[in-house]
1. Pairs, please: C-beta under 6 Å, at least 6 apart or cross-chain, first residue in a helix (DSSP H, G or I) and in the stretch 52-77, second open to solvent by 20 Å² or more (accessible area, probe 1.4 Å) and hydrophobic (A, V, I, L, M, F, W, C)?
2. If you scan the stretch 24-34, which residues turn out to be within 10 Å of T4 (Cα to Cα) and either outside any strand (DSSP E or B) or at pLDDT below 95 (or both)?
3. Which number in (1) within 21 Å of K11 (Cβ to Cβ); (2) open to solvent by less than 60 Å² (accessible area, probe 1.4 Å); (3) touching a residue at least 12 places away in the same chain (Cβ under 8 Å) marks the one condition that A87 misses?
4. Output the residue which, of all residues in the stretch 35-51 that are in contact (Cβ under 8 Å) with a residue 24 or more places away in the chain and either over 12 Å from the mean Cα position of the chain (by Cα) or assigned to a strand (DSSP E or B) (or both), is farthest from A94 (Cα to Cα).
5. Somewhere in the stretch 2-16, is a residue assigned to a loop (DSSP other than H, G, I, E, B) and of a type in the set (A, V, I, L, M, F, W, C)?
6. Quick one: in the stretch 66-84, of everything that is open to solvent by 40 Å² or more (accessible area, probe 1.4 Å) and not acidic (D, E), which residue is farthest from P47 (Cα to Cα)?
7. It is to be established whether one or more residues within the stretch 29-41 are touching a Leu at 6+ places or on another chain (Cβ under 8 Å), more than 26 Å from S86 (Cβ to Cβ) and open to solvent by less than 60 Å² (accessible area, probe 1.4 Å).
Amino acid sequence: MQHTILLIEDKTGLRDTLQSLLELHQYQVITAANGEEGIRLATEHLPHLVISDIYMPVLNGYQLLEAFQAHEQLRFIPVIILSARSATEEVNLALAKGAAAYINKPFLFANLNANIQQLLQTSGAAPLNL
């Protein structure tokens, strides 16, 4: 089973690199450049997992988390936050708004992938055997 991941990141270079790495690990990847586009794509595709930045134009990651929690079909999709902000308040706010994990930038892809695997397994989606 190929899992679908929605990647929401406003920085084109990072978004493209992450998309390539995720696809190399056999994930189907949908990308968005901001939270508003991310919510639209999440509603259309109902991905298994979302990876999102916090500080983006149009709709930020906190607003995205709030929208997911308020939406019947999206509230159970795990969201991993990737952010350069590492202050405890930032992490706690994201987790309080529904993030399943918070990973600081810069990060190792192996760490991100381990979080993805764990969340897919605990959310009911069978993990990939790579």
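The values are calculated or read from the model by the stated rules, or taken from the named source; none is laboratory data. Here the structure is a predicted model, which is why all the values come from computation and not from measurement. For neighbour counting, all protein chains shown are included, and Cβ atoms are generated from backbone atoms with ideal geometry for every residue, glycine included. Surface areas here come from the heavy atoms of the whole protein model, side chains and all, with no ligands, DNA or RNA. Shrake-Rupley method; radii C 1.70, N 1.55, O 1.52, S 1.80 Å.
1. Partner pairs satisfying both residue conditions: A67/I39.
2. Residues of the stretch 24-34 within 10 Å of T4 (Cα to Cα): 26-30.
Q26, Y27 - these are the residues of the stretch 24-34 that are within 10 Å of T4 (Cα to Cα) and either outside any strand (DSSP E or B) or at pLDDT below 95 (or both).
3. (3)
4. Initial filter on the stretch 35-51 (in contact (Cβ under 8 Å) with a residue 24 or more places away in the chain): 35, 37-39, 41-43, 45-51.
When the remaining residues are screened for being either over 12 Å from the mean Cα position of the chain (by Cα) or assigned to a strand (DSSP E or B) (or both), the result is 37, 41, 43, 45-46, 49-51.
On the way: E37: 19, L41: 21, T43: 21, H45: 23, L46: 21, L49: 16, V50: 14, I51: 13 Å.
Of everything passing the filter in the stretch 35-51, H45 is farthest from A94 (Cα to Cα).
5. Just the residues of the stretch 2-16 that are assigned to a loop (DSSP other than H, G, I, E, B), to begin with: 2-3, 9-11.
Keeping just the survivors that are of a type in the set (A, V, I, L, M, F, W, C) gives none.
No, the conditions are met nowhere in the stretch 2-16.
6. Going through the qualifying residues, I end up with A84.
7. Step one: filter the stretch 29-41 for residues touching a Leu at 6+ places or on another chain (Cβ under 8 Å), giving 29-32, 34-36, 38-39, 41.
Next, from what is left, pick out any that are more than 26 Å from S86 (Cβ to Cβ): 30, 41.
Subsequent filtering for residues that are open to solvent by less than 60 Å² (accessible area, probe 1.4 Å) retains 30, 41.
Yes, the conditions are met somewhere in the stretch 29-41.
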